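Pasting a structure below so you can have a look.
The values are calculated or read from the model by the stated rules, or taken from the named source; none is laboratory data. On a predicted model such as this, the values are computed, not experimentally measured, just so you know. Quick reminder, even Gly has a Cβ in these numbers, built from the backbone with ideal geometry, and neighbours come from all protein chains shown. Surface accessibility is based on the protein's heavy atoms, side chains included, excluding ligands, DNA and RNA. Shrake-Rupley method; radii C 1.70, N 1.55, O 1.52, S 1.80 Å.
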Amino acid sequence: MAAVDDLRFEEFGDAAASLAANSDTTTISIEDPGDTPKHQPGPPGGSGREEDDELLGNDDSDKTELLAGQKKSSPFWTFEYYQTFFDVDTYQVFDRIKGSLLPVPGKNFVRLYVRSNPDLYGPFWICATLVFAIAISGNLSNFLIHLGEKTYHYVPEFRKVSIAATVVYAYAWLVPLALWGFLMWRNSKVMNIVSYSFLEIVCVYGYSLFIYIPTAILWIIPQKAVRWILVMIALGVSGSVLAMTFWPAVREDNRRIALATIVTIVLLHMLLSVGCLAYFFDAPEMDHLPTPTAAPNQTVAAAKLS
């Protein structure tokens with residue numbers, strides 16, 4: 001049996017004295033799991049570099065990848081699959097609109113605003129609003145230009161809605177599809193090219209069209225010089241968003257191919273804006289022309305035939 005002295009309990013207050021006497025003794029500290037550890041300073045310059053990456057949009061961290069990976073993917077025939085494309089709030093949409101209106105050199109629109117949660121809600125409604133803004137403004141512009149003319153008879157042109165919808169939605173979907181296919185093809189040739197998903201490209205193109213909504217409303221002003229100044233401003237803002245977004249995706253490619261890609265993107269964007277202005281606002285209208293009267297001999301001949 002163990003001796004009585006071996007089974008003797010010691011007071012915890014004597015622990016400090018025992019540790020002081022045996023300085024070589026190894027101690028184990030058991031902390032409360034609920035206690036939060038104090039912040040330990042990291043390596044010098046680390047936090048500043050992370051902040052620079054976040055400001056420049058170069059933070060392709062694992063945090064974004066984990067957030068994207070945590071989203072459960074539903075089958076494409078279910079409602080939940082398409083619901084994820086519209087899972088955004090008002091603040092996110094407003095922030096992306098603000099980013100499309102205020103492009104900053106060195107900042108990537110996809111990495112700053114879109115990559116965590118690309119959506120179709122903003123692009124769909126921006127395109128729909130732009131369609132009606134172009135059609136209504138085109139009719140009002142035509143009415144104001146010929147207002148006061150005795151021979152002018154105003155007829156609403158509802159065909160402008162369908163034409164504007166076809167042009168805007170075709171541009172917002174077909175051009176991103178072609179660009180996405182081109183980037184995928186070049187990515188197979190050059191492995192270090194930055195790749196964007198099709199949804200991200202559609203999101204960029206959709207939000208880049210927002211500036212044309214107030215521009216189309218201001219196109220009502222019956223002055224061609226003012227209209228062309230407005231379209232150049234809108235083209236410069238939205239074109240710079242597209243150029244600064246897709247330049248990192250092609251800059252590692254062949255120099256000529258990279259420049260040709262960016263130039264093609266800007267030219268197609270210019271074709272959309274200039275084409276809408278020229279067709280819906282500056283095209284000559286035939287409604288205000290007087291109806292031609294028949295010549296006297298034609299009127300007699302028509303009467304005999306009847």
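Among the residues of region 100-141, how many are in contact (Cβ under 8 Å) with a residue 24 or more places away in the chain, among the aliphatic types (A, V, I, L, M), more than 21 Å from Leu199 (Cα to Cα) and open to solvent by 20 Å² or more (accessible area, probe 1.4 Å)?
The qualifying residues number 1.
Tally up the residues in region 176-189 that are over 21 Å from Leu209 (Cβ atoms), open to solvent by 60 Å² or more (accessible area, probe 1.4 Å) and either aliphatic (A, V, I, L, M) or modelled with pLDDT under 85 (or both), please.
So the answer is 3.
Among (1) farther than 20 Å from Ser116 by Cβ; (2) among the polar types (S, T, N, Q); (3) in contact with a Ser or Thr (Cβ under 8 Å, 6 or more places away or on another chain), where does Ser208 come up short?
(1)
Considering only residues that are of a type in the set (Lys, Arg) and in contact with a Leu (Cβ under 6 Å, 6 or more places away or on another chain), which ones fall in region 232-283?
Residues satisfying the conditions do not exist here.
When region 249-281 is examined, which residues are found to be in a helix (DSSP H, G or I), open to solvent by 20 Å² or more (accessible area, probe 1.4 Å) and either among the charged types (D, E, K, R) or over 14 Å from Leu209 (Cα atoms) (or both)?
Arg255, Arg256, Ile257, Leu259, Ala260, Ile262, Val263, Thr264, Leu267, Gly275, Ala278, Tyr279
Just to be sure I understand, how many residues within region 142-159 are among the charged types (D, E, K, R) and open to solvent by less than 70 Å² (accessible area, probe 1.4 Å)?
Residues that pass the stated criteria total 1.
It is to be established whether one or more residues within region 165-175 are farther than 30 Å from Pro248 by Cα and either in a helix (DSSP H, G or I) or open to solvent by less than 20 Å² (accessible area, probe 1.4 Å) (or both).
yes
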